[in-house]
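Peer 1: The following block contains the structure, expressed as structure tokens.
The values are calculated or read from the model by the stated rules, or taken from the named source; none is laboratory data. Predicted model, so just to flag it, every value in this text is computed and none were measured. Quick reminder, even Gly has a Cβ in these numbers, built from the backbone with ideal geometry, and neighbours come from all protein chains shown.
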Amino acid sequence: HNNLSLFSPEQVELAKMLLDLNQAHLFQHWPEPGVDDDAKRAFFEQVSRLNASYPGGLASYITTARELLADSKAGKNPYDGFSPSVPSGEILTFGDENFIQFENAGVCEARKAAFVLVAGGLGERLGYNGIKVALPLESTTGICFLQHYIESILALQEASCRLGQGEGPTEIPLAIMTSDDTHSRTTKLLEENAYFGMKPSQVKLLKQEKVACLDDNDARLAVDPNNKFKIQTKPHGHGDVHSLLYSSGLLKEWLAAGRKWVLFFQDTNGLLFKAIPSALGVSAVKEYHVNSLAVPRKAKEAIGGITRLTHKDGRSMVINVEYNQLDPLLRASGYPDGDVNNETGYSPFPGNINQLIFEIGPYLEELSKTGGSIKEFVNPKYKDSTKTVFKSSTRLECMMQDYPKTLPPSARVGFTVMEAWFAYAPVKNNPEDAAKVPKGNPYHSATSGEMAIYRANSLILRKVGVKVDDPVQDVFNGQEVDVWPRIAWKPKWGLTFSDIKSKVNGNCSITGRSTIALKGQSIFLQDLALDGALIIDAADGAEVKVGGSVHNAGWTIEKVDFKDTKVPEEVRIRGFKMIKGEQLEKTYKEPGKYSLSP
Ligand code: UGB
């Protein structure tokens, strides 16, 4: 009953499409022509965006939704016909001969890499109000995750170009997937900090769009409860990254520029870059089209399990089975106890940390066929057992690690297991939920994320011969953690094991109450005995030898309660703050050779 002349021919086409898709209810409450005409036109603008941002458009979205909702209603198991078994992958031990070889291979290869950070999620589980990449990685240097990631990529770029021979790209690009929830704050963080030293042209932001919500099993689109001229939308999941890389043309551009690898990573894992060089080395040496990083996983931990699935018809694939599906799948297929720890104290299924390395050539070839759409799922909450009415609207979702599900058996899909202490310490859970995590399982909180960095750095320095005191136990925000000396360094100080080894000489020791921050590429520790706090900042070209006995009152850790709203949110979610009592702090701004020996 609306006057069609109010609308452009494209808008009229969109209206027809919606009617053909059985979506007439979207117009039923529209007032007569002349009333709310602008809002009606805005409605079509939204429909146009929803149609353009989904591979195959809204028609394809609704068709898939109907199929998946019918399967869900029928209780169809997505793993029907598949039986799970424990796969075998490359297992790396930090610092051994094998690891060092893979690290070297990875650093050589890195100049041909491109990084993709998925940062469109708001982190509801963490309950933090800002964007997660702006959170401090640790409170000794106070740098945020994004700065650490960018500096790690730049350090890798520098090391790779130094080692690499012949022609090849000299800049490693970084793409960041944002969403309406994170886009403007991510842009602001980058712009206010001069891109943390990266060239602005090296960084590309790709914004994912939300998808339409669904009200019933017939995939009728939900009207936004706050605006009757709008379709309600919700996030589609990190799987959007594939279609965005494809539709933006970025992947093609990277391949044309001679790049070979794309590395995906998540917003808050402060240890990740310790594992990147060796994992990339595994991809290069083993010629993996797809390489997923994994860590030993405690049964029922909220990370997916890497599983071999073998179908009755003989098909077989190694794939992530999401944490909520692994236990039921095991129980239904000959493991009556489900997902349980074995004699090693861990689940036999390694945990997916969603750090993926793809070879660009085969990846782009596959996306050219699919447009980047990957297997989706739907998770409606039904009102009752008839499964006809939803408690609230639902939507299709997708996960980036599901990409290999549609690959042919000839694809070389592998995985690499790393020890969690140097590869995985995400910040995902709020203090209250973290405190409820079963004893022995990782907290994945801001508290454990920071403590994991000190632990990893302490263990790495021990491996290169530094005497580092044992940790002490303490409790912050209800979580019992090991507190190691607060050891922090910039990525350019120590990117790889060999790199770190070359910077530590003689008899060095660090006491348990100490803090050390090394911010510079060429800082060499020589017979250093540290008992207190030592902060060294050295510009590129300044070579500083640090030795002798450094003793001062140092920095202490003071507890903070997460409910104490007087304290900034990023501090109270970790449950402590640093009290900077006394330190030896030196800054070297000019190139040259220096010696610090108090
Ligand atoms: N993200 C987006 O960019 N867009 C979105 O729409 C959603 C998320 P979560 P999740 O390593 O611990 C994953 O919410 O999905 C980004 C794996 O599925 O932190 O619960 C978001 O910003 C799981 O198998 O994690 O679980 C963040 O950077 C397991 O590996 C990233 O996607 C688990 O991560 C992950 O989002 C893990």
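Peer 1: Looking at the stretch 363-374, which of its residues are assigned to a loop (DSSP other than H, G, I, E, B) and surrounded by fewer than 17 Cβ atoms within 10 Å (Cβ to Cβ)?
Peer 2: Looking only at the stretch 363-374, we keep the residues that are assigned to a loop (DSSP other than H, G, I, E, B), and these are 371-374.
Scanning the stretch 363-374 gives a single hit, G371.
Peer 1: Quick one: is L58 under 18 Å from D20 (Cβ atoms) and buried (at least 21 other Cβ atoms within 10 Å of the Cβ)?
Peer 2: Details: under 18 Å from D20 (Cβ atoms): yes; buried (at least 21 other Cβ atoms within 10 Å of the Cβ): yes.
Taking the combined requirement at face value, the residue satisfies it.
Peer 1: When you scan the stretch 428-451, how many residues do you find that are part of a loop (DSSP other than H, G, I, E, B) and out of contact with any His (no Cβ under 7 Å at 6 or more places or on another chain)? Steps first, answer last, please.
Peer 2: Let us first name the residues in the stretch 428-451 that are part of a loop (DSSP other than H, G, I, E, B), namely 428, 430, 436-444.
Adding the requirement that they be out of contact with any His (no Cβ under 7 Å at 6 or more places or on another chain) leaves 430, 436-444.
Counting residues in the stretch 428-451 that are part of a loop (DSSP other than H, G, I, E, B) and out of contact with any His (no Cβ under 7 Å at 6 or more places or on another chain) gives 10.
Peer 1: I need the full set of residues from the stretch 376-387 which are within 22 Å of V211 (Cα to Cα) and either in contact with a Phe, Trp or Tyr (Cβ under 8 Å, 6 or more places away or on another chain) or surrounded by 15 or more Cβ atoms within 10 Å (Cβ to Cβ) (or both), in order please.
Peer 2: At the first step, the residues of the stretch 376-387 found to be within 22 Å of V211 (Cα to Cα) are 376-382.
Of everything in the stretch 376-387, those that are within 22 Å of V211 (Cα to Cα) and either in contact with a Phe, Trp or Tyr (Cβ under 8 Å, 6 or more places away or on another chain) or surrounded by 15 or more Cβ atoms within 10 Å (Cβ to Cβ) (or both) turn out to be E376, F377, V378, P380, K381, Y382.
Peer 1: Here is a further query. Here are some conditions: (1) surrounded by fewer than 21 Cβ atoms within 10 Å (Cβ to Cβ); (2) more than 22 Å from Q521 (Cβ to Cβ); (3) not small (G, A, S). K199 meets all but one. Which one does it not meet?
Peer 2: (2)
Peer 1: So for the stretch 6-16 (the condition being assigned to a helix (DSSP H, G or I), surrounded by 13 or more Cβ atoms within 10 Å (Cβ to Cβ) and touching a strand residue (DSSP E or B) at 6+ places or on another chain (Cβ under 7 Å)), does at least one residue qualify?
Peer 2: No, because not a single residue in the stretch 6-16 is assigned to a helix (DSSP H, G or I), surrounded by 13 or more Cβ atoms within 10 Å (Cβ to Cβ) and touching a strand residue (DSSP E or B) at 6+ places or on another chain (Cβ under 7 Å).
Yes or no, residue by residue, for (1) surrounded by 23 or more Cβ atoms within 10 Å (Cβ to Cβ); (2) on the phi > 0 side of the Ramachandran plot; (3) within 16 Å of the ligand (Cβ to nearest atom):
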residue: N430; (1), (2), (3): no, no, yes
residue: A434; (1), (2), (3): yes, no, yes
residue: G440; (1), (2), (3): no, yes, no
residue: R462; (1), (2), (3): no, no, no
residue: D469; (1), (2), (3): no, no, no
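Peer 1: Suppose we keep only residues that are within 16 Å of the ligand (Cβ to nearest atom) and small (G, A, S) within the stretch 88-147. Which one would you say is farthest from the chain's Cα centre (by Cα)?
Peer 2: Ranking the candidates gives G89 first.
Peer 1: Among the strands (runs of 3 or more DSSP E) lying completely within the stretch 528-598, list those that include at least 3 residues that are within 34 Å of the chain's Cα centre (by Cα) and loosely packed, with under 13 Cβ neighbours inside 10 Å. Reasoning before the result, please.
Peer 2: On the way: elements: 533-538, 542-551, 554-559, 576-582, 584-588, 592-596.
Filter on the stretch 528-598 gives an empty set.
Peer 1: How many residues, within the stretch 225-247, are over 21 Å from the mean Cα position of the chain (by Cα) and either of a type in the set (S, T, Y) or within 12 Å of the ligand (Cβ to nearest atom) (or both)?
Peer 2: 2
Peer 1: List, please: which pairs have Cβ atoms under 8 Å, are six or more places apart or on different chains, and start with a residue in the stretch 201-213 that is more than 29 Å from I231 (Cα to Cα) and end with one that is of a type in the set (D, E) and surrounded by fewer than 20 Cβ atoms within 10 Å (Cβ to Cβ)?
Peer 2: As it stands, the answer is Q202/E171, since those pairs meet every condition given.
Peer 1: Condition first: surrounded by fewer than 22 Cβ atoms within 10 Å (Cβ to Cβ), of a type in the set (G, A, S) and touching a strand residue (DSSP E or B) at 6+ places or on another chain (Cβ under 8 Å). Can you find one or more residues in the stretch 167-188 that meet it?
Peer 2: yes
Peer 1: Give the residue, chosen from G281, G249, G270, that is under 22 Å from G121 (Cα atoms) and of a type in the set (G, A, S). Steps first, please.
Peer 2: Values: G281 fails: under 22 Å from G121 (Cα atoms); G249 fails: under 22 Å from G121 (Cα atoms).
Checking each option against the conditions leaves just G270.
Peer 1: Continuing with this model, one more query. Please go through the stretch 275-294 and pick out each residue that is farther than 15 Å from S88 by Cα and surrounded by fewer than 24 Cβ atoms within 10 Å (Cβ to Cβ).
Peer 2: The answer is A284, V285, E287, H289.
Peer 1: Can you tell me which residue among V116, V133 is outside any loop (DSSP other than H, G, I, E, B) and more than 16 Å from L263 (Cα to Cα)? First the steps, then the outcome.
Peer 2: Details: V116 fails: more than 16 Å from L263 (Cα to Cα).
Step by step, each of V116, V133 is checked, and only V133 is outside any loop (DSSP other than H, G, I, E, B) and more than 16 Å from L263 (Cα to Cα).
Peer 1: Also, quick follow-up: Restricting attention to the stretch 382-405, which residues are polar (S, T, N, Q) and part of a loop (DSSP other than H, G, I, E, B)?
Peer 2: First, pick out the residues of the stretch 382-405 that are polar (S, T, N, Q): 385-386, 388, 392-394, 401.
S385, T386, T388, S392, S393 - these are the residues of the stretch 382-405 that are polar (S, T, N, Q) and part of a loop (DSSP other than H, G, I, E, B).
Peer 1: How many residues are small (G, A, S) and either in a strand (DSSP E or B) or within 15 Å of the ligand (Cβ to nearest atom) (or both) when one looks only at the stretch 249-283? Spell out the reasoning first.
Peer 2: First, the residues of the stretch 249-283 that are small (G, A, S): 249, 256-258, 270, 275, 278-279, 281, 283.
If we keep only those that are either in a strand (DSSP E or B) or within 15 Å of the ligand (Cβ to nearest atom) (or both) as well, we get 270, 275, 279.
Total satisfying the criteria: 3.
Peer 1: Also, I was wondering about something else. Could you grab the pairs with beta carbons closer than 6 Å, sequence gap of 6+ or different chains, first residue in the stretch 168-193 and within 14 Å of the ligand (Cβ to nearest atom), second one modelled with pLDDT under 95?
Peer 2: D181/L122
Peer 1: Let me confirm something: among I353, I360, which residue is within 11 Å of the ligand (Cβ to nearest atom), crowded, with 18+ Cβ neighbours inside 10 Å, closer than 30 Å to A110 by Cβ and at pLDDT 95 or above? So that I can check it myself, show each step before the final result.
Peer 2: Working: I360 fails: within 11 Å of the ligand (Cβ to nearest atom).
The match here is I353.
Peer 1: Suppose we filter K375, K428, K383 for residues that are without any contact (Cβ under 8 Å) to a residue 24 or more places away in the chain and not small (G, A, S); which single one remains?
Peer 2: Numbers: K375 fails: without any contact (Cβ under 8 Å) to a residue 24 or more places away in the chain; K428 fails: without any contact (Cβ under 8 Å) to a residue 24 or more places away in the chain.
Testing whether each residue is without any contact (Cβ under 8 Å) to a residue 24 or more places away in the chain and not small (G, A, S) leaves just K383.
Peer 1: Across the stretch 295-317, which residue is nearest to the ligand (Cβ to nearest atom) among those that are of a type in the set (V, I, T) and surrounded by 18 or more Cβ atoms within 10 Å (Cβ to Cβ)?
Peer 2: Looking at the filtered set, the residue picked out is I303.
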